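First up is the structure itself, then whatever we jot down about it.
The values are calculated or read from the model by the stated rules, or taken from the named source; none is laboratory data. Just so you know, these numbers come straight off a predicted model, no measurement behind them. Positions of Cβ are generated from backbone atoms using ideal geometry, with glycine treated the same way; all protein chains shown enter the neighbour counts. Ligands, DNA and RNA are stripped out before the accessible areas are found, and what is left, the full protein with its side chains, is counted by its heavy atoms. Shrake-Rupley method; radii C 1.70, N 1.55, O 1.52, S 1.80 Å.
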Amino acid sequence: MAATEILPVADTAVNSGDVTVVAGEPITVALKGAAFGALVYIGLKDDAGAYQNVGRLEQIGGGNVVTISGPGTYRFSRAEGGACGVFRA
């Protein structure tokens, strides 16, 4: 699968659209254009439709790539400040 942008590079707080992970089809996500201090929370949609933080991508000593293997609906929330984007590899 070709790389796909989830969030464009910017430094404003924003939530992505939903990203669905299907059982048996893990995805890899990573930061792009990340400045030091960039932070993106990974949220998993619960049974009530709310997002629960289950991980993060950050440009502070690593942690800027994650493979998600659990099925579900995810959202990526960029914190204000450190510029970055997110893509799906």
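Would you mind telling me which residue in GLY70, GLY55, GLY24 has the biggest mean-square fluctuation in a Gaussian network model of the chain, where springs connect alpha carbons within a distance under 10 angstrom?
GLY24
In debye, nearest 20, what is the charge dipole magnitude of the chain about its Cα centre with +1 on Lys and Arg Cβ and -1 on Asp and Glu Cβ, if you could check?
Values: 6 positive and 8 negative charges, 26 e Å.
Charge dipole, the chain, about its Cα centre: 120 debye, nearest 20.
Hey, can you find the accessible area per residue of the chain for me, probe 1.4 Å, expressed in square angstrom? Mind showing how you got there, number by number?
Details: 4800 Å² over 89 residues.
Solvent-accessible surface per residue comes out at 54 Å².
Per-residue HN-Hα couplings for region 14-22, Karplus 6.51 cos²θ - 1.76 cosθ + 1.60 at θ = phi - 60°, whole Hz, x for Gly and Pro?
7, 9, 7, x, 5, 10, 9, 10, 8
Give me the three principal axis extents of the chain from the C-alpha atoms, as integers in angstrom, largest value leading.
Dimensions of the chain along the principal axes of its Cα atoms: 33, 29, 21 Å.
On the protein heavy atoms, probe 1.4 angstrom, tell me the percent of accessible surface of the chain carried by carbon and sulfur. Could the numbers behind the result be given before it?
Working: 2480 of 4800 Å².
So the carbon and sulfur contribution to the accessible surface is 52 percent.
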